[in-house]
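Please treat every number below as a calculation from the coordinates, not as lab data. All figures in this text were calculated on a predicted structure; none of them were measured in a lab. Positions of Cβ are backbone-derived with ideal geometry, glycine not excepted, and every protein chain shown enters the neighbour counts.
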Amino acid sequence: MSLTFDQQAYIKDYVYKVVTYQETYEEVSDHLITALDGRRFSTENELAAAMLQIIEDDFGGLPQIISAERNFSRELAERWKIVHVRELRSFLRNAWFWCGLAVIFFVLYKGLLTHYDNKIVLVLYFLFATLPLMYQLPFRLAQWGKKKSIKNRALDLIGSRLTFSFSSLLIILSSDIGRELGDFIKYVYSFVLFFLIVCCTLIVRLIHKKMKPMRLASK
Amino acid sequence: MYVNKLYICRMSSAKLLKGTLQTIILKLLEDKDRMYGYEITQKVKELSDGEFKLTEGALYPTLHKLEADGLLETSTEMVDGRVRKYYSLSTDGKAEVQHKMSDAALFIEKLQQVLNLKPSIG
């Protein structure tokens, strides 16, 4: 005999209150409901006792679940950072990159020399800087009303740092400090900006690849 | 003597199992395209005639580690009104199964040699 709707809701509510991330909530509640399915419970206390027993036996207790989700969140962020850096390296190794670099770098350099205080250019740069966060927005909206997602958090750690670095550079460039910069410093800034553009593009690619299963699941 | 050895083996099987858990999971997923967490625990129990029980929260941390390392891919599906997370081997995971299996075979062979050697010394 399957668990009743109320019994399933009781288990889900309990798990929802104790875990931090959506992924853990879904996985642990599915495990508990599947493990308890077929058993008969006449009172809520009986159900609670059986549920806590499974948490103890299969997960090693609540502290173990909480520590496991923290570790997973950290491991995933570290792993995706490695993937991002690896993709960046592989991108930099491609020969066509150097041709593209020369063209874009020249445009950026010229742009910084002549149009560094041009509002439209700066707005365009700024829009590019926020691209990873904007691209992630639909996935965030899909999580609306749910718990935080471990995957979203891992991508946040990578994307938001880049957006922050990119935006800070733009703010400096558009300020009085930027106007007083020498040509060499602008040359360095052009390089850093270009590097950040590449990083942002690759992060968008990473988000697209990693969040694809979530998008498919929500359909 | 034999009974004592068997008892010790059973007592420490959980610890021994922890060291080979990645290999077990990867092998199970090689045999079956995709599995969810609870299904894996039941399959291990069934294949070991109830001798091996995945406890102490060892399964999910290992699954998450393999996922973070890019060896497993996940997909979700709605089952009876709740989300179920399925694990399957990634391309890297498929290659890693072979390495893990040969490592495990070598380890068992060497362990056998060492364990067989001890009684003959005594």
Footprinting proxy, A:PHE164, A:PHE126: sorted fewest to most Cβ within 10 Å, the residues are A:PHE164, A:PHE126
Return one number: the angle in degrees, 0 to 90 and rounded to the nearest 10, between the long axis of the Cα atoms of helix A:183-218 and the longest principal axis of the Cα atoms of chain A.
30
Enter the angle in degrees (range 0 to 90, nearest 10) between the Cα long axis of helix A:5-18 and the first principal axis of the Cα atoms of chain A, meaning the one along which they spread out most.
50
Between A:PHE164 and B:LEU111, the two model label points (7 Å from Cα along the beta-carbon direction) sit apart by a distance in nm of 4.6
Give a residue-ordered list of calculated ³J(HN,Hα) values for the stretch A:124-139 (Karplus: 6.51 cos²θ - 1.76 cosθ + 1.60, θ = phi - 60°; whole Hz; x for Gly, Pro).
5, 4, 5, 4, 5, 4, 8, 3, x, 5, 5, 5, 7, 4, x, 6
For A:LEU3, distant residues with modelled amide H under 5 Å away:
A:GLY38
Just to check I understand the Karplus step: with θ = phi - 60° and J = 6.51 cos²θ - 1.76 cosθ + 1.60, what whole-Hz values come out for the stretch B:60-67, glycine and proline as x?
5, x, 5, 4, 5, 5, 5, 5
Which residue fluctuates most in the GNM of chain A (Cα springs below 10 Å): A:THR163, A:THR34, A:THR20?
A:THR34
Calculate, axis by axis, the spread of Cα positions in the stretch A:115-159 along the three principal axes, and write the results as whole Å, longest axis first.
44, 18, 10
Please go through the stretch B:29-122 and write out the trypsin sites (Lys or Arg not before Pro) that DSSP classes as loop and that have at most 14 other C-beta atoms within 10 Å.
B:LYS32
Under a 5 Å amide H to amide H cut-off, with H placed in plane at 1.01 Å, what residues pair with B:VAL79 once short-range neighbours are removed?
B:ARG84
